[in-house]
1. From A:N101, A:N91, A:N9, which residue is surrounded by fewer than 24 Cβ atoms within 10 Å (Cβ to Cβ), assigned to a helix (DSSP H, G or I), at pLDDT 95 or above and not aliphatic (A, V, I, L, M)?
2. Can you tell me which residue among A:K201, A:K181, A:K187 is away from chain B (no Cβ under 14 Å), of a type outside the set (A, V, I, L, M, F, W, C), farther than 13 Å from A:R100 by Cα and part of a loop (DSSP other than H, G, I, E, B)?
3. What single numbered condition from (1) within 12 Å of chain B (Cβ to nearest Cβ); (2) over 25 Å from B:N29 (Cα atoms) fails to hold for A:G15?
4. Sort through A:E143, A:E133 and tell me the only one that's more than 18 Å from A:D47 (Cα to Cα) and in a helix (DSSP H, G or I).
5. Output the residues belonging to the range B:190-213 that are part of a loop (DSSP other than H, G, I, E, B) and open to solvent by less than 10 Å² (accessible area, probe 1.4 Å).
6. Quickly run through the range B:34-62 and pick out the residues that are touching a residue at least 12 places away in the same chain (Cβ under 8 Å), touching a helix residue (DSSP H, G or I) at 6+ places or on another chain (Cβ under 7 Å) and more than 7 Å from every other protein chain (Cβ to nearest Cβ).
7. Tell me whether the range A:162-173 contains one or more residues that are within 14 Å of chain B (Cβ to nearest Cβ) and either touching a residue at least 40 places away in the same chain (Cβ under 8 Å) or in a helix (DSSP H, G or I) (or both).
8. Which residues, taken from the range A:234-252, are touching a residue at least 60 places away in the same chain (Cβ under 8 Å), farther than 14 Å from B:K40 by Cβ and within 7 Å of chain B (Cβ to nearest Cβ)?
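The values are calculated or read from the model by the stated rules, or taken from the named source; none is laboratory data. Since the model is a prediction, treat every value here as computed from it, not as a measurement. Every residue, glycine as well, gets a Cβ built from its backbone with ideal geometry; the counts of neighbours run over all protein chains shown. The area values use the complete protein model at the heavy-atom level, side chains included, leaving out ligands, DNA and RNA. Shrake-Rupley method; radii C 1.70, N 1.55, O 1.52, S 1.80 Å.
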Amino acid sequence: MTTNEALINYCLRLGDSSLILGQRMSEWCSNGPILEEDIAMSNIALDLFGQARIMLTYAGKIEKKGRTENDLSFKRLEREFLNNLLSERPNGHFGDTVARNFFLSAFSFHLYSALKASADEQISAFAIKSLKEVTYHLRHSAEWIIRLGDGTEESHTKIQDSIENLWEYTEDLFAMNEVDKILIKEKIAIDLNTIKPLWNKTINEILTKATLNQPENSFMQSGSLDGMHSEVLGHLLTEMQFLPRAYPTAKW
Amino acid sequence: MPEAYRKHLQRQISQHAHSEIIGMQPEGNWLLRAPSLRAKVVLLAKIQDEAGHGLYLYSAAETLGKSRTEYLNELRTGKAKYSSIFNYPTLTWADMGAVGWLVDGAAIVNQVSLQRTSYGPYARSMVKICKEESFHQRQGYEIITDMARGSEAQKEMAQDALNRFWWPSIMMFGPHDSDSPNTGNAVKWKIKRATNDELRQSFIDKTVHQAEIIGLTIPDPDLKWNEKRGHYDFGEMDWDEFWRVVKGGGPCSKQRLKHYNDAHNSGEWVRKAAKTYAEKQQLKQDVA
């Protein structure tokens, strides 16, 4: 694998994760528990789509096959998507969404903090821009974790369940392969083992504040780096890709 | 403030706010299926603006001595109305064009005149809303233009969307002045600065040309330029349909209200948790 091939793969990972989570967050539109939350969740989705557009456009550019952000979003198949498994988890109830976003935004926060120093100018610029956004996403989800954890008995039980149910998808965030090995050597990517303890610390601090328990690792899901997803991704893509698939030659 | 003036404003501003909130649904229907990432973010930003308009309007309405919760209860129980246009379905992507172009286009004509309404908080919210609405109208016109100039299938979808949304759009201005029970006082009190028929005429006059430019046909055989009046003449609207939809007989009337109520009910435990948490924090602060 060449450095360029590794870089394309890495950009797709970043871009796809933002895209798929953005699509999930858009599903909240007009469904939020209060108007202010509806607006906040749309904001988060807009940030995520913005991030996806940057990374997918860049992937297309360095691939040199003329593929645009739209070709990469709407014309790839399930097994070609490299988003992490957590980002595709269904929204569930508000607590499930908050828990998913909390794990993810804490991960993105530490990842982008480190990628600011990437030797690849585009990745570094992307990280600097996106860090501002995920700092807010982390604040938003962490505040809700605390409110729900330390709110009513019902909300405490619900959010603890959400955390337990999603925990098995968190290990997949830190998976690495040949791509990482090549890019770490070039100082483009970072060793995810270095941010794992930081992520753990953030999670632990907030859960403690929220009077919630951090689950133990038992069976942990994996596979996103090989395009091995859960069944839900195919349905998400079917809906998202409908128009460009139904009218392949149309311009919109 | 005279009671009748207050009552009229409470009804009008809250109806306007409810329309913004319910209006998120027909467009939200295509958000997950937008055909490009650009189209998706523009549509999402637009729907988000509408939620924001709802917020400004509820705030303006709250200055009249009633809380947002009270206004929303009236919406949830079907006591309050919202614009009937949102009780029509959005069946194809071209409807995102038609809604922006025609529905937001009609709303702007009304809202521009409301920037000079006599009640300050309402007038000021309109200034901000109008700026965003004109972006929405352009967003819709861009979609419909691209489709009208696209493939045969796209062109057909664009014409079909215009056919379905034209009459409901011009009915958005309400009944003829002669049949409008609220127009008299509203004009006298300078809440309304132009009548339903004046606003409708102004909308039609500017929209006909926009349809011509992109080669679409407005579905009204009686539409004709009247040199003497300096305006377009147009056909009669189907008032039976108008009143049926106003009274809850629109294709999506039940669905829209149910959607809103389902979301509200699913969020009950979240609102309760936030309130309980805030009370606990307050208690801690008081003890300290």
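1. The conditions single out A:N9.
2. Answer to the selection: A:K187.
3. (2)
4. Of A:E143, A:E133, the one residue that is more than 18 Å from A:D47 (Cα to Cα) and in a helix (DSSP H, G or I) is A:E143.
5. B:I191
6. B:A34, B:V42, B:L43, B:K46, B:D49, B:E50, B:H53, B:Y56, B:L57, B:Y58, B:A60, B:A61
7. Taking every residue of the range A:162-173 in turn, at least one turns out to be within 14 Å of chain B (Cβ to nearest Cβ) and either touching a residue at least 40 places away in the same chain (Cβ under 8 Å) or in a helix (DSSP H, G or I) (or both).
8. Result: no residue meets the conditions.
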